[in-house]
Every structure is written in structure tokens, then in C-alpha cells.
1. Just need a number here: residues in the stretch 206-224 that are closer than 13 Å to Trp244 by Cα and part of a strand (DSSP E or B).
2. Please specify each residue of the stretch 346-376 satisfying the condition of being among the polar types (S, T, N, Q), without any contact (Cβ under 8 Å) to a residue 60 or more places away in the chain and buried (at least 18 other Cβ atoms within 10 Å of the Cβ).
3. Could you please find all residues in the stretch 171-205 being under 20 Å from Ser248 (Cβ atoms) and basic (Lys, Arg)?
4. Touching a residue at least 12 places away in the same chain (Cβ under 8 Å), in a strand (DSSP E or B), within 18 Å of Tyr289 (Cα to Cα) and among the polar types (S, T, N, Q) - does that describe any residue in the stretch 333-342?
5. Go through (1) touching a Leu at 6+ places or on another chain (Cβ under 8 Å); (2) surrounded by fewer than 16 Cβ atoms within 10 Å (Cβ to Cβ) for Cys200 and report which single condition fails.
6. For His217, work out the one condition from (1) surrounded by fewer than 15 Cβ atoms within 10 Å (Cβ to Cβ); (2) in contact (Cβ under 8 Å) with a residue 40 or more places away in the chain it doesn't fulfil.
7. For the stretch 296-337, give me each residue that is among the aliphatic types (A, V, I, L, M) and crowded, with 19+ Cβ neighbours inside 10 Å.
Amino acid sequence: MRNFVLSGHGERTDTSLLGLNGGTESAALPVQQRWLREGESRLIGDRLKGKPVATKPKTRAPDRKAGRPLQRQIQRRAAKNACMTGSAPWQFARVLLFAYALAIWCLFAARPAGAQMQTATQQENVGDSGPASALADVLSAACRGDETRFGNSFTADNAAAYRALPAEERKRLMQRFSLSDDTGRPMLSSDQNNHTVIRCERAGSTTEFRFGASRVHENLAFIPVTVVNGQSDDFGMVREDGSWKLLSLGLVLLDIKQLSAQWVQSDMAAREDAAAENLETLGKAVDSYEQTFGKFPDSLVQLGGGTTKQVTPDRADLVSAPLAAGSEGGYRFLYRVTSGAGSSQSHYVIEALPEDYGTSGRKSFFRDASGKIHEADNHGASAGVDDAIWQPEAAQ
């Protein structure tokens, strides 16, 4: 082992070379080397005590009376002087060692603890089999749109149910976990508490998931996850065949077969509400057209925009291109101008019908001349004024 002391001039001296690390090693040395080390020890001790030390060794006439050959005395004194002043190779080695140590220190000092960002693929290669790592794999796969890896994150029954889903439903399930309809690039890092942080980066948007401390109870684990600027919930994980699998979200146990049916109904209800809201949008556009040009449009196409921003009766630029084309969100929109019985005054009505009954929607909608919207499940046929009045979700 090499020990170092600091000289009075700021120089670092290797005490193992001077025999200061114990008497056993020094006693085993030849007499000449032991004298040499004892002399160096006294020199270092004087410097530590602040005693002046001659910068140039004193010379004296060779001692011939001791019976020692002159050549041996000269060689011994030259060796002693070289150790005290430091030869050029030793000085270079010390400078090189210091520079190397400084470079290593700078490398680690410049790297913030726990903040090194890496891609999800790099994180997965680390091989961490803990529940937080498994959950990070789930969300990363959902972000990338990787159906195979995402499906492998479920328990055996749920994995089989997931693979049995239609391709569109498998895609929608991943989108529910990634909180976006678009795929992205997952980037993993950790916060100051060494908890996982996942950023799903897409063109124009980023979703950030922040993990909390995992609560592990034998084969069960619960991990709180907060979405930045969003909700927070617990993900449940269960150990199955030595690997952590997704078990629950919040208070809901994941049953893919049952949940998929619920999600289909939920998506359908959302499309139905959107169809009714689009009827309101089209009705306001028709009213605006009449106020601007003094007549009703002949078709929905005239409510759309043109290649230029110039507003004309044929291109009023009042609704989006899909609505002007009469199709949006799985519904067809039909518009017609009518005349009241016994009156020359014109009115208009608009209706919305599901394009694929039972899949894109079940309800049909009808906007009457007074602006009220009626709804009914007529198996794809039109609704009418005798059907129930649609109420917006906020008003229910």
C-alpha cells in the first residue's frame, strides 16, 4: 500500500518509499537503504515542523577513515540527493497521476446524479426486474406503439385476451395508456429521489409520467404515477412466473376481455355526443351563411373553405373540410332546405346517421327547424321530431 504526506512546499511525498508505513518493512531492508530512508524521514519531519531545510545538500570531504571505499560513499550520497530533490521521471509520473485523477473527478462531477437521460431501449437492456422497471417497460411500449412488448406486460389471461382483440382495439388500448393518439419516443430518467421519470416525446407534444415510491408486499406491488399537468393514480403489479405483470389501474382490476367491451361502448358514446355537437356547429354555420349572403346554402360544401382565404358564397369557410364533405367521426351528415306547410318561408334541417351501425354509433340525430336536436336508436334509420330531445353531457 502506498501512503503519501504533504511537504512544507506543497509537494506530495510517497511515505511507503521512505519507510514511514511501519518498522517491519524498513527493518527488512539492507543497511544502506535503511539509512537512506531514515534520512528522508527526518527531512520530511523537519518540513512538517516548519524547520528550515537546505535546498542544496551540504558537501564535505569524503570520510576515508571509516574504511569505506570512496566510490561507494559517492554513489550513496548521489542516491540520497536524488531522492530529496526528486528526479525528473518521478516528477513527471506525479503530474501525470494528478492529471488523471482530476480528469476522473471532472467526469463524475459534470454528471448530475440520477438525471442522465436515456432511451427506453437502453433502460430495458439494464435488466432491472423490479416492479417500477416493469411498469416503465409497459408505458414505454405504449408510447412507441409496440404491440408485442405491450401485450407481454399483462398476466397470462389478459395477454391472451389482448392478442385476441381486433387490431384497432389493440391500438386504442395502448393509446389509453400513453394518453395520446400518436406514437412517440420514450425517454427515461430519474428524479432527485431516484424515482423513474418517463417522457413520451412526439411531434408537437410531450407526456411526462413521474413515478413515486413503490410499495411492495411479497408478490404484489403498487406504484403511484403522476402525469404532469394531469391525473395521478396507482398502478398495481403482480409477480407471475418470476416477472412483474400489470394487474390493476387505480381501483380497477385489469380484465382485458371485460374492459374492452366497456371501452368500446365508451368510445361509441363519445362519437355519438360528437355527432350531436357537430349538428350544432353546422346549424350555426348555416345561420351565419344566411346572415352574410341572404339565403341558405345549397349544400354543406358551400360552408367549407377554398384554396384561398377569400370568402365567397361557394366557399364561405365556416366549417372544417370533413364537415363540409358531410362525414366526420363515423357519422354522415345530411342537409336539406324545406318549406313549411302553407308557408312560403324556407327552413332547413340537418341529420346525422352512423356510418356503421353498432360500431361507429347506435344513435341517430335530427336537428329540426327550431334548432332542437332529437336522438333515437333507430338501428341506423333517421330520427325525427317525435324522438327525445338530446341533452349535452354537461347539462345531464
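Nothing in this text is a laboratory measurement; each read-out follows from the coordinates by a stated rule. The model shown is predicted, which means the values in this text are computed figures rather than measured ones. So basically every Cβ, Gly included, is an ideal-geometry build from the backbone, and we count neighbours across all protein chains shown.
1. Going through the stretch 206-224 one residue at a time, the tally reaches 6.
2. Within the stretch 346-376, Ser364 is the sole residue that qualifies.
3. Once the filter is applied, which keeps residues that are under 20 Å from Ser248 (Cβ atoms) and basic (Lys, Arg), the stretch 171-205 yields Arg172, Arg176.
4. yes
5. (2)
6. With respect to (1) surrounded by fewer than 15 Cβ atoms within 10 Å (Cβ to Cβ); (2) in contact (Cβ under 8 Å) with a residue 40 or more places away in the chain, His217 is out only on (2).
7. Hits for the stretch 296-337 are Leu300, Leu303, Ala316, Leu318, Val319, Leu323, Ala324.
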